[in-house]
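Colleague: Just dropping this structure here.
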Amino acid sequence: MLRSLIICGLAVFACAALAIAATVAPPIIAPLPIALSIGCAALVLFILSAPSLRFKSVLRFDEIQNHLRLFRLMWERGRPGEPGGGYSAKLAIGLRPRLFHRQLEYGKAFLITIFGLRIHYSRSYGGIFA
């Protein structure tokens, strides 16, 4: 039920942003609503394509890593744990007192902070994230 409400809300927002861009916005401002509508449409497609998508609210401060954990999204592709069967993925969002930071790990994970927004993505081929 919650997934359906999120999808409908994002689709309505994408249509409204595209309508504003097409009719009201001057050519200089038009790319912003168009980018918002494309981003919302891509998010809707992502939610629809991942039936195993789970949302977990964290809302706690990590003193060791010095950031506020907000929430994480987890999903599976294929069958994780079987050879060649798929993977489990996690996208964690948080706030960090830093302008820019990046840390890349080949093929499995990345951590990037842009203007205080911390985005951490990782994959597990051997099991499912809890």
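Colleague: What fraction of the Cα pairs in segment 63-130, stated in percent, has a spacing above 21 angstrom?
Modeller: Value for segment 63-130 (Cα pairs over 21 Å): 31 percent.
Colleague: On to the next question. How large is ³J(HN,Hα) for each residue in segment 104-112, as worked out from phi by the Karplus curve 6.51 cos²θ - 1.76 cosθ + 1.60 (θ = phi - 60°), to whole Hz, x for Gly and Pro?
Modeller: Residue by residue, segment 104-112 yields 10, 10, 4, x, 10, 7, 8, 9, 9 Hz.
Colleague: Go through segment 116-123 residue by residue and turn each phi into a ³J(HN,Hα) via Karplus (6.51, -1.76, 1.60, θ = phi - 60°); whole Hz please, and just put x for glycine and proline.
Modeller: Those phi angles translate into x, 8, 9, 10, 10, 10, 8, 10 Hz.
Colleague: May I pose another question? Taking H as built 1.01 Å from N, whose amide H comes closer than 5 Å to the amide H of Phe71, not counting residues under 5 places away?
Modeller: Amide H neighbours of Phe71: Val58, Leu59, Ile93.
Colleague: Quick one: compute the contact order of segment 66-130, relative version, from alpha carbon pairs under 8 angstrom and 6+ residues apart, as a percent.
Modeller: 34
Quick note: the coordinates plus some simple rules give every number you see, no bench work behind them. Just so it is clear, the structure is predicted and the values come from calculations on it, not from any experiment.
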